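Following: one structure in structure tokens, then a few remarks.
The values are calculated or read from the model by the stated rules, or taken from the named source; none is laboratory data. Just so we're clear, the structure is a prediction, and the values are computed from it rather than from any experiment. All Cβ positions, glycine included, derive from the backbone under ideal geometry; neighbour counts span all protein chains shown. Protein only, heavy atoms only, side chains kept; ligands, DNA and RNA dropped before computing areas. Shrake-Rupley method; radii C 1.70, N 1.55, O 1.52, S 1.80 Å.
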Amino acid sequence: MKRIILFVILVTLTVFGSLYAQQQGNTIQLKHGAYRKGVRTDSEMQRWREHGLGQFIHWGVYAIPGGQWNGKTSTYAAEWFRSSGLISKEEYDNLYKQFNPLNFDAKAWAKQARHMGARYMIFTTKHHDGFCLWPSKYTDYTIANTPCKKDIVGEIVDAYTAEGIDVHLYFSIIDWSHPGYQVGAPKDEFLRNNDWENYRPFKTESDSIRYQSFKEFTRNQLIELLTDYPKIKGLWFDGSWDGAWMKEAEWVDNLGMELRDMHPGLIIGSRFRADENGKRHVDSNGDLIDDYDQRFERNLPKSLEEVGGNDWDCVMTIPENQWGYHRDWSLSYVKTPYDLIEMMMQANALNGNLVVNFGPDDKGNIRQEETDIAREIGNWMRVNSEAVYGVHNSTLEKQDWGYITQRDEDIYLTVFNKPMNNLVRVKLPRAKNNKEDVTVIDKAVFLINGEPARIKEGLRDKAGYEYYDIVIPENLQKQTMPFVIKINLKEISRGDRAAYQQALT
Ligand code: JFZ
């Protein structure tokens, strides 16, 4: 009998044990996947999360043609000009000999970024063409061999850091200038067969051997950047979709650890490495690789579900798809300060940062349109940045008039679509003690002038939710830029609700 009981217990344990394991999701054991579930909680990452707004700068020798050559205009992204077909590779690769940005003034750029309200910036140390804006000792294709000779990266890091703006360095894995760099066999070859194990990025053995020198070169340059610019906060990688790089999961993973060891707190986005199955950004188990999601390039998420609980930023161009300087901005729609502020609030309301890209010209000037945008965003931020820095998704449900952000008990309603009846409707959450209490608006004030807002009597829908309307006063009805109403909620007893409503009218 005892044996039978023991047997039954064992069977029960086994069955429930395996059911439990299944419920936990069949996670694959990965050697080079994500090392963490959920977000980083250290102070460096906490600081990054609170930036709200950043600036991206794409600068390099592509600013010389600025999208045009011999009277012809490229519709390609200006920083891809080498591939535009309008210039020979040879001609492009000699442009650096003319790179002489006499008006470059890192301090002026940094001041402008601070006035705009940016809390971090990302700077292209080296784009796909391989030209280095710092005097790298591992190649001759650098700023040191131009008439300019300045250490541009060094000046940027110092100037921005002095303005209180954290610097992250953009680094392209793809490097067309290095003899060991092989355009790994097209990734579609892998995508067609979906057979990662047998995917071979190189056509020949010697390509694969030469690639070793490229890997060493890349490692040397990254170590050099961290050694020479210890003030930086993070690395923003690009071009890691290259098939050869994606096949190097172990090597790249080790390199990442080496860089992190060198620079405690270093922030690396999800665009650096793939796991051993060639999965980028998120690994084969769906977990985010490295510290924040870089997938929302020029494409904001629409909901918190899309964000999946991760940290993220969205880098955004001002024209449609131009990162580097393009002389001709008539090629596409050019975003307005209003558009960019709206994108920033959308990002902030979904726990992300918006990063606005600037592309200075070959003289080192920031174009007039970008200067105007920086100034207008800055003017707005001076009044409303409370709704931007250190905020997160609000417990209040989004409404059609705009976006809602929150910091502790302070809730910020940023109104973009001003309702024609001049009433900003707020749907209030149920009180925690639902039976006896109701939630009401305690305080409401317009950030633009500090004036308290008038609240109209509450309505209640069939599901028992309460709605209150905030009245847009006459002096704000003609306001064309978005404005912010800061509110606080409180819970009062149902009995007091009548008195509260009475006080509103
Ligand atoms: C890359 C670069 O090729 C481009 O020149 C620019 O530097 C940009 C910031 O990054 O372009 C990309 C990279 C990834 C996507 C789109 C464009 N993507 O994931 O959709």
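With respect to the conditions (1) touching a Leu at 6+ places or on another chain (Cβ under 7 Å); (2) open to solvent by 60 Å² or more (accessible area, probe 1.4 Å); (3) of a type outside the set (A, V, I, L, M, F, W, C), PRO230 falls short on a single one, namely (1).
Whether any residue in the range 306-326 is of a type in the set (Ser, Thr, Tyr), surrounded by fewer than 22 Cβ atoms within 10 Å (Cβ to Cβ) and either more than 29 Å from GLU386 (Cβ to Cβ) or away from the ligand (no atom under 16 Å from the Cβ) (or both) is what I want to check. Within the range 306-326, not a single residue is of a type in the set (Ser, Thr, Tyr), surrounded by fewer than 22 Cβ atoms within 10 Å (Cβ to Cβ) and either more than 29 Å from GLU386 (Cβ to Cβ) or away from the ligand (no atom under 16 Å from the Cβ) (or both).
The residues in the range 376-403 that are closer than 18 Å to ASP442 by Cβ and open to solvent by 80 Å² or more (accessible area, probe 1.4 Å) can be counted, and the count is 1.
Kindly state which strands (runs of 3 or more DSSP E) lie completely within the range 431-505 and contain at least 1 residues that are surrounded by 19 or more Cβ atoms within 10 Å (Cβ to Cβ) and at pLDDT below 90. Break it down into steps so the answer makes sense when it comes.
Details: elements: 437-446, 454-460, 466-471, 483-493.
So the answer is 437-446, 454-460, 466-471.
Screening the range 67-174 for helices (runs of 4 or more DSSP H) wholly inside it with 1 or more residues that are at pLDDT 95 or above, open to solvent by 10 Å² or more (accessible area, probe 1.4 Å) and within 16 Å of the ligand (Cβ to nearest atom) returns no ranges. Here ASP158 meets each of (1) in contact (Cβ under 8 Å) with a residue 24 or more places away in the chain; (2) acidic (Asp, Glu); (3) closer than 16 Å to GLY60 by Cα with one exception, condition (3). When the range 244-282 is filtered for residues that are within 15 Å of the ligand (Cβ to nearest atom) and not charged (D, E, K, R), the ones remaining, listed by number, are TRP245, MET246, GLY269, SER270, PHE272, ALA274, HIS281, VAL282. Only one of the numbered conditions (1) under 19 Å from LYS31 (Cβ atoms); (2) part of a loop (DSSP other than H, G, I, E, B) is not met by LYS231, and that is (1). Only a single item in (1) open to solvent by 80 Å² or more (accessible area, probe 1.4 Å); (2) without any contact (Cβ under 8 Å) to a residue 24 or more places away in the chain; (3) part of a strand (DSSP E or B) is not met by GLN406, and it is number (1). Which residues, taken from the range 266-291, are open to solvent by 20 Å² or more (accessible area, probe 1.4 Å) and more than 18 Å from ASP313 (Cα to Cα)? Within the range 266-291, GLU276, ASN277, LYS279, SER284, ASN285, GLY286 meet the criteria.
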